[in-house]
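A quick write-up on the structure given underneath.
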Amino acid sequence: MKFDSKELSIVISALVIQLVVPSVFPNLHKILDNSVLFAAPVNSFRSLKEGIFLLRNGLNPYSGTIIHHPPILVSLFTVINENELVTNLIYALADLVTALNLIRINEWFMKQEVEASNEKGEKIQTKQEYFANWIVYAWYFFNPLGITSIFSRSTTVFTNMFIMITLKSLCYQELSVAVMSLSVATYLSYHPWYYILPVVCYIIKSKPEEHPWKIVVKAVGLFVSGLFGLLYLSFQLTGSWQFLTNYETIVMFHKITPNLGLWWYFFTEIFQFFNNFFVGVFNLYTFIFIVPFTLRFGKTKRDLMFALWVSIGFVNFAKAYPTISDLSLFHCLVLEWKPLFKNLRINPVISYMLTYVLLALLPVFYYVWMELNSGNSNFFYAIGLVFSTVEAVFLSDFIWSKLCEEYGGARRDLTQI
Amino acid sequence: MPLLERVSRAIDQHGLIPKLVRQLPRFTMLLAILGVSWLFVLPLHGQYRITYISENALMPSQAYSFFRESEWNIVRGYREEVVRAFEEQDMTGKNELMTTWLDNIGYKVATHEINSNESVVYGIFHAPRGDDTEAMVLVAPWFTFDGEQNAGGVALTIALARYFYRMSIWSKNIIVVFPKNGQLSLRSWVEAYHTSLDKTAGSIESAVVLEYPSDADHLDYIELNYAGVNGQLPNLDLVNCAVFISEHEGFKVSLQQTPKGQLWARDYGSRLTVLLKSIFELSMTGLLKGGGNGCEAFSGWNIQAISLRAKKGADSHDITTFGRVVEAIFRSVNNLLEKFHQSFFFYLMLAPRNFVSIGTYLPSAVLISVGYALASLSAILTNNNRNNDLSQTLRLRSPNIDPIPLCVGFAIFFLIFTISTIFGVSMMYVAERYPYDNDNVDGYRKLTFTVIFSGVFFSFYASLAPSLSLSKETDDHKKFKAQVVRTLNALALFFLTVVLIGLLVVHFALSFTIGVCALPLAFISYGPQSSQSRAKLINSALLLISCPWSTILAAGVLSSVGFDLDMVRNIAQNFHLGTAREIVSALHFPSSLDYAEWQYLLDGPTEIFVGLISAYKHFQSWTWLAICYGWFTTWLCLWAISISDVTYGEEITELEAKPAK
């Protein structure tokens, strides 16, 4: 990996921030971890620590209902032994790996652009349509979403890392690595298995010489065996299959806690006997859009990358326990779609203004509800709903822009703001 | 959807958006005017609502009150003793006296030691019928808000305590508290009650602070205060209860210190006055006179607190009537089965029986905040650059900012943010280190006026600033500078938008006040320093008006001359030269140029400033933080913009560049 001076200075300053700030403010992660925006039961560092405690005292962490982290992660952090510096280092490292993979993806997109214009016989406008690497680095490292999720020590950071590795490996034809890291991501937080569909389609696209069904069998086989390997290892570590309740919690939405998403309010209001039905409906809803995305944007590899990105955004919007760290993965990839910016109906500047205003409002409304007691859950949910709407509009705007591009690159003059 | 599509196409065809972009500053102005005038609409007939009791269990004044003639002599007896205690005893003696009395009645008495020379006596009466988990608090500070001896209040409270003890109806514990004052002493007790005191009586549901600084038998009307710190208000049900009960007993109720003559008024002017005064009071809670009215002391612990201040007069209401008001409030709260939750927590009162709820008044501050967001957009769309020809439509498709100037702009913003953070924290440290007493008052006066005059100086520096540009700037350098300034401008205004919107729901009054006072910041432009002295002067004026310290100066001077909005209402409603002269003469303007005469005028701003920097320590009030981080940061950024020398216009170069392609 080669860095120029700008990239290097950004990476080093980001690492310094990530290592120094948590050491100077050792309570920072506790404060952030206490906020529902950063911590869901399935990814909070606090509950991970609980798991470490139970494991160290010879108790099965999964016999209760507090720990929802996969056993390998808990064991890894048990080895670290709550050493602050090493913990910070691990998170910084995970972030760095994610960033490096993001840069590789960016380079791949640039290369694609050059190839595409070569094919069309146009003169090469290198890198005009994409952002320079250092901008992508800066966008990733200094984005408040990313920084705060590192500071909150959300375990989604690791899921994000593995998904990013999947994307990068797909770009560079390291197909088995892609599938394997997707299975690790799935092991860590269940939802990433949804992306197997676009990933398999991508593999089919990139190996036109092989028969599609053969690829499907191979890829899914590799994915499933990787996943089972990890699950079996977890079984060996904990001595029982009880840790599978983690995934049950995510699927069945056992822990109804307020968060950024749309599920919790619905399930606090609904009658108990409808519960199972709607859990099914919501899960189906979260998954089902992956299929049309993959089918519609399945022509080229770049399209499939778009389908994957849109799927990530949609799952963030529709899943049970979304947090800021999930958003961070989606938004750090936005820059890869610079060619689509010109057809957006709502300028990204405005979308981001709205996003950040709403992100500032969410904790305020939570505070009014929980601390002051002058508001109630409706306040927080209402603002969360607006936030989700903004995210959904942001996403669908990109889909619109993509369709415009396919239609012939029609440029609308609406985009002047 | 097809309709929206048609609309968007129509906008497209006529090129409306590029045309409108240049008008964005006017939209900001328009929104601000709309936002302010929204408040002026609220007191119109049909826009506000009439109060009602939402929680059925409260049933105010439904039970017969027995605090009548039989208690007369008891109140008088206690009062005589209290008056004597004021004459003869120091605080320790008074506390001892109170301890004996409460002990004799049968209360569980305890003392909270604030420090070596101050303590608070309180007594607990465990409810005969309750589960001992909830409590109601009755507070009688020894000295009132204005520093007067609260003889009537203390005597009435101890008589009520004695009377309550004989009743068997209580299902919530009763706590009576006798702090030295209703501000810091009471706050200290409330904090200790929730953290360190041994003898407690469960969670406090409601608190009533009683003040009647007189030893007279009769009283005239009741002043009701309800504003808490950080925009917190007691549930409207409690306020309503107090109003219903007081009026039921025949008292007139005054909100926001409405003078007696206005208590019968039911017109637009009086409602507007109460509304504006309540917004002002809410945004200043915890700052004035060591922290206000007694309710502030209970803020932050989910306690519904009101304070009742009886006003002396020759009217026929005797002091037991005031006692019956308290009794009925306590009996209402006693009826509650759940916490207060039915009625509004966010409201503004217009009259004792008129209010507007959050949904109705919020749009005014929302409009102002959106105005700032538009100003930020306008800044990023190059409207503030005086080098551009603003009479023409924006020619650029989207005016780009190169990444490096963008990052530099962000960096400068964070630098300025850090500077104002350091300033704010150091001021808070000063307030923590040096108490505001006779020894330090002069130092504080100097500090305040240094801050204020530095604000004035900085503002004028903006129009006098020399052209700092080094002899030869390349075009690239100029472009770079213009983009940095543009980023900083947009970012600063956006930051203020976020702060205002964040405060909106929690603390409407503060958000609104900052929004209005800082509005001139949205119109600051930048350009070459070498020419356009008129634009630079305008910048200076805008900076001066919008500086937080000028607002403090203005508010302080107004408060020290005894300005009251009711005077304006009076002049406006019955304009008559005689009245106007009379009212103006009521203001305490200094009569000569003697320094001693002017000194009290200077004390107003000093008191507000000291209140601001110490309010976080005393009441956990965020007002200073909001001003320092939000308003002052933005002000500094815009000051930096107005002194920067920008000689590059975005569009001009774009147009020139075109033929070259």
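The values are calculated or read from the model by the stated rules, or taken from the named source; none is laboratory data. The structure displayed is predicted, hence computed values, not measured ones. Quick reminder, even Gly has a Cβ in these numbers, built from the backbone with ideal geometry, and neighbours come from all protein chains shown. To get the accessible areas, we keep the full protein, side chains included, count just its heavy atoms, and leave off ligands, DNA and RNA. Shrake-Rupley method; radii C 1.70, N 1.55, O 1.52, S 1.80 Å.
Here are some notes:
- Of all residues making up segment B:266-285, the number that are touching a helix residue (DSSP H, G or I) at 6+ places or on another chain (Cβ under 6 Å) and more than 16 Å from residue B:508 (Cβ to Cβ): 3
- The set of residues in segment B:556-575 being open to solvent by 70 Å² or more (accessible area, probe 1.4 Å) and of a type in the set (S, T, N, Q) consists of B:573, B:574.
- Across segment A:350-392, the qualifying residues are those that are more than 28 Å from residue B:341 (Cβ to Cβ) and without any contact (Cβ under 8 Å) to a residue 60 or more places away in the chain, and the one among them that is farthest from the other protein chains (Cβ to nearest Cβ) is A:389.
- Which numbered condition residue A:308 fails, given (1) in a helix (DSSP H, G or I); (2) surrounded by 18 or more Cβ atoms within 10 Å (Cβ to Cβ); (3) away from chain B (no Cβ under 14 Å); (4) over 12 Å from the mean Cα position of the chain (by Cα): (4)
- Among the residues of segment A:1-32, the one identified as surrounded by fewer than 12 Cβ atoms within 10 Å (Cβ to Cβ), in contact (Cβ under 8 Å) with a residue 24 or more places away in the chain and within 14 Å of residue A:100 (Cβ to Cβ) is A:1.
- Residue check, residue B:374 surrounded by 15 or more Cβ atoms within 10 Å (Cβ to Cβ), at pLDDT 90 or above, within 13 Å of chain A (Cβ to nearest Cβ) and out of contact with any strand residue (DSSP E or B) (no Cβ under 8 Å at 6 or more places or on another chain): yes
- Residue check, residue A:102 of a type outside the set (Phe, Trp, Tyr) and surrounded by fewer than 17 Cβ atoms within 10 Å (Cβ to Cβ): no
- Candidates are the residues of segment B:205-216 that are part of a loop (DSSP other than H, G, I, E, B) and of a type outside the set (Gly, Ala, Ser); the one that is most open to solvent (accessible area, probe 1.4 Å) is B:215.
- Looking only at segment B:37-57, residues that are out of contact with any Leu (no Cβ under 7 Å at 6 or more places or on another chain), open to solvent by less than 50 Å² (accessible area, probe 1.4 Å) and part of a helix (DSSP H, G or I) come to 1 in all.
- Positions within segment A:56-89 being open to solvent by less than 50 Å² (accessible area, probe 1.4 Å), in contact (Cβ under 8 Å) with a residue 12 or more places away in the chain and not in a loop (DSSP other than H, G, I, E, B), in sequence order: A:71, A:72, A:73, A:74, A:75, A:77, A:78, A:87, A:88
- Only one of B:513, B:551 that is in contact with a Cys (Cβ under 7 Å, 6 or more places away or on another chain) and more than 14 Å from every other protein chain (Cβ to nearest Cβ): B:551
- Only listed residue being more than 14 Å from chain B (Cβ to nearest Cβ) and surrounded by fewer than 19 Cβ atoms within 10 Å (Cβ to Cβ), chosen from A:217, A:199: A:217
- Residue satisfying all of: in segment B:381-399; within 11 Å of chain A (Cβ to nearest Cβ) and surrounded by 22 or more Cβ atoms within 10 Å (Cβ to Cβ); modelled with the lowest pLDDT among these: B:394
- Segment B:73-107, residues that are under 12 Å from residue B:161 (Cα atoms) and surrounded by 15 or more Cβ atoms within 10 Å (Cβ to Cβ): B:74, B:75, B:78, B:98, B:101, B:102, B:105, B:107
- Any hit, segment B:219-236, residues being away from every other protein chain (no Cβ under 14 Å), open to solvent by less than 30 Å² (accessible area, probe 1.4 Å), at negative phi and out of contact with any helix residue (DSSP H, G or I) (no Cβ under 8 Å at 6 or more places or on another chain): yes
- Any chance residue B:82 is within 34 Å of the chain's Cα centre (by Cα) and either modelled with pLDDT of 90 or more or within 27 Å of residue B:296 (Cα to Cα) (or both): no
- Residues within segment B:204-226 that are more than 26 Å from residue B:189 (Cα to Cα) and aromatic (Phe, Trp, Tyr), tallied: 1
- Test: residue in segment B:313-336 that is aromatic (Phe, Trp, Tyr), touching a residue at least 24 places away in the same chain (Cβ under 8 Å) and closer than 25 Å to residue B:35 by Cβ: no
- Considering A:142, A:162, the condition of being modelled with pLDDT of 95 or more and under 25 Å from residue A:33 (Cβ atoms) is satisfied by A:162 alone.
- Restricting attention to segment B:163-199 and to residues that are polar (S, T, N, Q) and either at pLDDT 95 or above or within 26 Å of residue B:328 (Cβ to Cβ) (or both), the residue that is most open to solvent (accessible area, probe 1.4 Å) turns out to be B:168.
- Among residues of segment B:156-204, those that are farther than 15 Å from residue B:137 by Cβ, in a helix (DSSP H, G or I) and over 33 Å from the mean Cα position of the chain (by Cα), counted: 4
- The set of residues in segment A:13-46 being among the hydroxyl-bearing types (Ser, Thr, Tyr) and out of contact with any Asp or Glu (no Cβ under 9 Å at 6 or more places or on another chain) consists of A:13, A:35.
- Taking residues in segment B:11-39 that are within 14 Å of chain A (Cβ to nearest Cβ), and partners anywhere that are among the hydroxyl-bearing types (Ser, Thr, Tyr), the pairs with Cβ atoms closer than 7 Å and at least 6 places apart or on different chains are B:18/B:393; B:19/B:393; B:22/B:393; B:24/B:378.
- Identity of the residue in segment B:241-278, in contact with a His (Cβ under 9 Å, 6 or more places away or on another chain) and outside any helix (DSSP H, G or I), that ends up surrounded by the fewest Cβ atoms within 10 Å (Cβ to Cβ): B:250
- Condition met for residue B:86 (farther than 30 Å from residue B:238 by Cα, within 14 Å of chain A (Cβ to nearest Cβ) and either out of contact with any His (no Cβ under 9 Å at 6 or more places or on another chain) or of a type in the set (Ser, Thr, Tyr) (or both)): no
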